[in-house]
1. Report the residue count in the range B:150-166 for those that are more than 21 Å from B:V252 (Cα to Cα) and either touching a Ser or Thr at 6+ places or on another chain (Cβ under 6 Å) or assigned to a helix (DSSP H, G or I) (or both).
2. Quick check on B:A296: is it in the same structural domain as B:F144 (by TED's automatic domain parsing), under 17 Å from the mean Cα position of the chain (by Cα), surrounded by fewer than 21 Cβ atoms within 10 Å (Cβ to Cβ) and in a helix (DSSP H, G or I)?
3. Hey, can you tell me all the residues within the range A:60-76 that are outside any helix (DSSP H, G or I) and crowded, with 22+ Cβ neighbours inside 10 Å?
4. Assuming A:T14 fulfils every condition listed in (1) more than 16 Å from ligand 2 (Cβ to nearest atom); (2) assigned to a strand (DSSP E or B); (3) of a type outside the set (K, R); (4) farther than 27 Å from B:T219 by Cα apart from one, which condition is it?
5. Scan A:L278, A:L217, A:L225 and give me the residue that is surrounded by 19 or more Cβ atoms within 10 Å (Cβ to Cβ), in contact with a Ser or Thr (Cβ under 7 Å, 6 or more places away or on another chain) and over 24 Å from A:A339 (Cα atoms).
6. Which members of the range A:150-173 meet the condition of being in a helix (DSSP H, G or I), within 12 Å of chain B (Cβ to nearest Cβ) and surrounded by fewer than 23 Cβ atoms within 10 Å (Cβ to Cβ)?
7. Residue check, A:F67 against (1) more than 10 Å from chain B (Cβ to nearest Cβ); (2) within 16 Å of ligand 2 (Cβ to nearest atom), all met but one. Which one?
8. Looking at the range A:13-27, which of the residues that are of a type outside the set (V, I, T) and either near ligand 1 (Cβ under 7 Å from one of its atoms) or surrounded by fewer than 22 Cβ atoms within 10 Å (Cβ to Cβ) (or both) is nearest to the chain's Cα centre (by Cα)?
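The values are calculated or read from the model by the stated rules, or taken from the named source; none is laboratory data. Here the structure is a predicted model, which is why all the values come from computation and not from measurement. Virtual Cβ from ideal backbone geometry, glycine too; neighbours counted across all protein chains shown.
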Amino acid sequence: MADAVAAVEIRGVTKRFDEVVAVDDVDLTIADGEFFAMLGPSGCGKTTTLRMIAGLEFPTQGSLRIFGEEVGTLPPNKRPVNTVFQNYALFPHMTVLDNVSFGLRMSGVNKTEARQRAGEMIELVQLDGMAARKPNQLSGGQQQRVALARALVNKPKVLLLDEPLGALDLKLRQEMQTELKSLQRELGVSFVFVTHDQEEALTMSDRIAVMDQGKLLQVGSAEDLYARPASRFVADFIGQTNLIEATVADNNTIVLQNGQRLRAPSPHAAGTAVAMSLRPETIQVGARGSVPAVHEATSLEGVISSASYLGHSMVYEVSIDWIDLEVRTPMVLSEERFAPGSEVAVWWDRRSDWLVAE
Amino acid sequence: MSHGAIVRPPMEPPTDPEPAEATPEFEAANKRLDRRRGLLLALPSWAFLTLFFAVPLLIVVVYSFATRNRFGGTDLSGWNIEGYRELGQEFVRNLVLRSLWLAIITTVICLVVAYPFAYFLATRSPAVRNLMLVFVMIPFWSNFLVRNYAWRVLLGNDGPVSQATEAAGLGETTILFTQSAVVLGLVYGFLPFMILPLYAAIERMDWSLVEASRDLGATGWQTFRQVSFPLSLPGVIAGSILVFVPSFGAYVTPQILGGGKDPMLGTYIVAQFLEARNWPEGAAASTVLMAVMLGATLVYFRTGGRTL
Ligand SMILES: Nc1ncnc2c1ncn2[C@@H]1O[C@H](COP(=O)(O)OP(=O)(O)OP(=O)(O)O)[C@@H](O)[C@H]1O
Ligand SMILES: [Mg+2]
């Protein structure tokens, strides 16, 4: 894979709409056959990035290659890319069959063959028997399948999906997630999948790009992003975390705002302002004085300010001078329960914290 | 990569949610209530329509079967279809065909001119749109008759148009009092009726469909043929009817710009009432004209009303 040509290669791409910088100097490489998710809060530029790959929007500057070919201002019909739109954008005046065969007919495939191939694709997405219906006679999930079939029938080299499951209810959504994932594996096509549902992104994708305010913050596997976030934003955005502001003292120690020192190996120079990300489920809570000796250098003392029972776990809010820590203890490990007001200590394994400087 | 040979894990076929059954009695009661409420609200407009539309229409139809007496009056007795039979005379038939032809040409020209304009309009920013819509409306601020006379001046022997073409070395323009002048006047007069429904249809079109079409490999022209145009069809039909109908029965423009040389249907009807004093004949022609218009409107509701 190392020297294989990338499916999509974005270099220094910026997109400006008048004063708004929708996408800000983004570099991104998507491999052939990869399930790639783009994740970020509303308005961060996900759709705009996708539209630039599709050719529905042209970059203000930068270079965009699809399988090595520079496509900067190539119109959408000349790109080996198809899109599943968020609102599906099915043609209301055409039947399901005509919708699905549209791309083939437009590219000059003869009508019989186009219909036959569209028919096969309709079967593949399990819509047999609905070929003669109009889109408004289909449920949301069925429309979603038509949109998928209509794009895939053209055998795109890259399939772009803009929040394709956004309009579906939870059950159907989960069903479609599995189905999309297996479809992608079978076809071996790169999927670029936009979502603002992090769980969806984490479970489905090979790699995930996190964006905020037009900037690409981090690209990596689900584990990279969760365990090794590159910035406060990513740490906070992916899953839940506690961010504790601190300053690097030396390569093994950080100093908290109250002067307390904690052991935390850091690659950053002394004096760097950092935040320590501690996932709620990696923290343990116990009575004061019960901190195991090995965790002495990675512990804090506080007071339980709230305790909630969640069935599979207990969630404590522990207030420590100037911060509140969230702690999540699996039920099986919490023989001892703490009521609000209890004076406790919290500690963690020194491998489970993570420092972010940005 | 063959899509056919793929083995997929079985999955439950998607199911349509069953709509909940409504209790029949409640359903019926609700419908009755809706209808009653609707009737009450519609009462003023029904009264208005009956008084000013249905009654006059009925009078015209009744007169078309009446008898013309020797003094140019009309006797409401001796019912006959003489009025309709006279429409079969060759010269009437020619005049109907001529009117039809001019109305069709007018409609087609309006469509060809208005479509790109409406498309352009619908793709502008709201501020530009509103400004341009005002320009489209400006002609309505003055009287139709006055505007027709204005064209007569413009197209006249020594009028500005003629002077301009002469200056450009194209010779005199002598289209006044020809059918071309009539068509020009009709196009000018009815163009806004084409632009507005087209604009409305194109403007409310879902533009993501155009993008989807381009994304699926269609060229700009293919997209227009397969997507934009079919979706704007209700506007095309509405505009065509709004232009065709008044063009077919036009009176003022043929009279002023055509000089009344080749009588058209509208001119003919007026002449029957005012000059020939053959009211049954005029009424019969009017009835036929209205029947054609009604037919056209039905076509609209059958095709345009249902496509979206
Ligand atoms: N055509 C446009 N004209 C002007 N501004 C635009 C246009 N399209 C997008 N923007 C702006 O660019 C920014 C990024 O928009 P984009 O649609 O890419 O966000 P997104 O990440 O897809 O958000 P969401 O999750 O809400 O869909 C936003 O601030 C948006 O207002
Ligand atoms: Mg979006």
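1. 7
2. Spelling it out, B:A296 is indeed in the same structural domain as B:F144 (by TED's automatic domain parsing), under 17 Å from the mean Cα position of the chain (by Cα), surrounded by fewer than 21 Cβ atoms within 10 Å (Cβ to Cβ) and in a helix (DSSP H, G or I).
3. A:L64, A:I66, A:V71
4. Against the list (1) more than 16 Å from ligand 2 (Cβ to nearest atom); (2) assigned to a strand (DSSP E or B); (3) of a type outside the set (K, R); (4) farther than 27 Å from B:T219 by Cα, A:T14 comes up short only on (4).
5. None of the other options fit; the residue is A:L217.
6. The answer is A:L152, A:K171, A:L172.
7. Just one mismatch for A:F67, condition (2).
8. A:D27
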